[in-house]
Amino acid sequence: MMIGELASATATKVETVRYYEKIGLLPPPARTSANYRSYGNAHLGRLSFIRRARNLGFGLDAVRELLRLADEPDRPCSQIDNIASVKIAEIDSKIADLKRLRKELYELVSACETDTVGSCRVVEALAPRGSHHLSD
């Protein structure tokens with residue numbers, strides 16, 4: 001298949017496919033007599049793996065390591081579990097941060113008892129310290 005077909009089949013931009021090739025996540029494809037890239041099912045499977053890993057939030061270094069480990073099917077999966085556990089911890093941290101931010105914003109909105117922007121708690125919280133107006 002041609003690069004556009006591979007890109008379409010995996011919901012990936014053509015430029016991204018080329019980038020993954022350039023950084024070694026995808027092996028170089030065979031070339032046609034007209035020097036076009038010709039991808040096979042192995043490329044499709046590998047790119048699908050990469051896309052799914054990226055959609056789950058794994059960075060390129062983690063994807064590279066996951067691919068390396070996946071290429072050794074008889075190996076114990078503890079290293080893959082460790083990589084996934086690190087990602088889970090990162091997600092848990094982000095969730096905690098988002099909950100904290102939500103609480104803070106909720107408290108600001110709830111504390112707002114006026115109808116004018118001049119005394120709005122949200123604007124007050126966003127303005128530079130010691131200033132209640134942006135033009136101060």
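Mean projection of the alpha-carbon convex hull of region 33-136 over all orientations, in nm²? Please list the in-between numbers first.
On the way: hull surface 54.4 nm².
Approximately 13.6 nm², given one-decimal rounding.
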task: Sort out for me the Cα centre separation of region 13-36 from region 37-96, rounded to whole Å.
output: 20
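So which of Lys22/Lys99; Lys22/Lys103; Lys13/Lys94 end up more than 32 Å apart by C-alpha?
Numbers: Lys22/Lys99 39 Å; Lys22/Lys103 44 Å; Lys13/Lys94 28 Å.
Listed pairs above 32 Å: Lys22/Lys99; Lys22/Lys103.
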message: Using the Cα centre of the chain as the reference point, and only Cβ charges (+1 on K/R, -1 on D/E), how large is the resulting charge dipole? Debye, rounded to the nearest 20.
response: 580
field: Partners for Lys87 among aspartates and glutamates (Cα-Cα distance below 14 Å; same-chain residues under 8 apart left out)
entry: Asp61, Glu65
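Grab the DSSP H runs of the chain that are 4 residues or longer, score each as -39,500 (n - 2.57), total them, divide by all residues and round the 222 nm result to the nearest 500 deg cm²/dmol. Display every interim value, and only then the final one.
Working: 6 runs with 82 residues, N = 136.
About -19500 deg cm²/dmol.
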Exposed-loop-free span, longest in the chain, where trypsin sites (Lys or Arg not before Pro) count as exposed if DSSP calls them loop and at most 14 other C-beta atoms lie within 10 Å: 14-128
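Computed from the coordinates by the stated procedures, all read-outs in this text should not be read as laboratory data. All of these numbers come straight from a predicted model, not from anything done at the bench. Methodologically, a virtual Cβ is constructed for each residue, glycine included, from the backbone with ideal geometry; neighbour enumeration extends over all protein chains shown.
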